[in-house]
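Please treat every number below as a calculation from the coordinates, not as lab data. None of these values were measured; they are calculated from a predicted model. Please note: Cβ atoms are built from the backbone with ideal geometry, for glycine as well, and neighbour counts cover all protein chains shown.
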Amino acid sequence: MEFRAYKPVEAAVIQDLFVSVFSKSEGEQEGVLIGNLVDELVAGTGSQDLHGFVAVDGKKIVGAIFFSRLSFEQDVDVFILAPVAVHSDHQGMGIGQALINHGLQEMKKCGVRFVTTYGAPSFYTKVGFHPISQHMIAAPLELSQPEGWLGQSLADDPIETIPGKCKCVKALNNPVYW
């Protein structure tokens, strides 16, 4: 299994992966929704604000993740991990965890201090995320399930409170994702 940065020419293949995975697990409507998110992230987010990574088995992309910038009133490098997909035939093999760990290491090399995510605590705690309060790091929009707001420090220090409002990239700035 190879883990590497995604290539913009792979955007359609990656979008199809997300549509397929989310349609199978959450229904066709969710698949289309997340597929559109991936399309908007790749097409509408500058390279300084978006990092994506893929898991490749042979020549086939079987997993993908994206990290996009969260902006605050003070200058601090924070990104959110979202979305994540592993091909249905490759789930349960540790690929998602390995891909996330690869992405986190790459983000650390870029000087990112903190990474957040919004998802199932039972999964993300396996890769070092911990529940965080919105008083510590505000979410960009109202969370429908606050227990899913998670974070981790990529620096040697613990997560610190980041005061002020948070903004996400345009593609994520939609209440339907929160």
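Would region 58-80 turn up any residue that is in a helix (DSSP H, G or I) and surrounded by fewer than 20 Cβ atoms within 10 Å (Cβ to Cβ)? Within region 58-80, not a single residue is in a helix (DSSP H, G or I) and surrounded by fewer than 20 Cβ atoms within 10 Å (Cβ to Cβ). In region 14-40, the residues that are touching a residue at least 40 places away in the same chain (Cβ under 8 Å) and β-branched (V, I, T) form Cβ pairs under 6 Å with partners that are surrounded by 17 or more Cβ atoms within 10 Å (Cβ to Cβ) and part of a helix (DSSP H, G or I), at six or more places apart or across chains, as follows: I34/F18; I34/F22; V38/Q15; V38/F18. Filtering region 149-159 for residues that are more than 24 Å from A55 (Cβ to Cβ), among the aliphatic types (A, V, I, L, M) and in contact (Cβ under 8 Å) with a residue 60 or more places away in the chain leaves an empty set.
Please verify whether A138 is touching a Lys or Arg at 6+ places or on another chain (Cβ under 9 Å) and among the hydrophobic types (A, V, I, L, M, F, W, C), treating the condition exactly as stated. For A138, the condition - touching a Lys or Arg at 6+ places or on another chain (Cβ under 9 Å) and among the hydrophobic types (A, V, I, L, M, F, W, C) - is met.
When Q15 is tested against (1) crowded, with 20+ Cβ neighbours inside 10 Å; (2) assigned to a helix (DSSP H, G or I); (3) in contact with a strand residue (DSSP E or B) (Cβ under 7 Å, 6 or more places away or on another chain), just one condition goes unmet, and that condition is (3). Somewhere in region 89-102, is a residue farther than 17 Å from Q48 by Cα, acidic (D, E) and in contact (Cβ under 8 Å) with a residue 60 or more places away in the chain? Checking region 89-102: not a single residue is farther than 17 Å from Q48 by Cα, acidic (D, E) and in contact (Cβ under 8 Å) with a residue 60 or more places away in the chain. Scanning region 41-57 for residues that are surrounded by fewer than 22 Cβ atoms within 10 Å (Cβ to Cβ), part of a helix (DSSP H, G or I) and either of a type in the set (A, V, I, L, M, F, W, C) or free of Cβ contacts under 8 Å to residues at least 12 places away in the same chain (or both) gives V42, A43. From the list Q105, Q91, Q97, Q74, the one residue that fits, being more than 15 Å from the chain's Cα centre (by Cα) and within 24 Å of P158 (Cα to Cα), is Q74. If you go through region 132-159 and pick out every residue that is surrounded by 13 or more Cβ atoms within 10 Å (Cβ to Cβ), closer than 22 Å to Q105 by Cβ and not small (G, A, S), you end up with 6.
Residues in region 161-178 that are closer than 28 Å to A98 by Cβ and either free of Cβ contacts under 8 Å to residues at least 12 places away in the same chain or in a loop (DSSP other than H, G, I, E, B) (or both): V169, W178.
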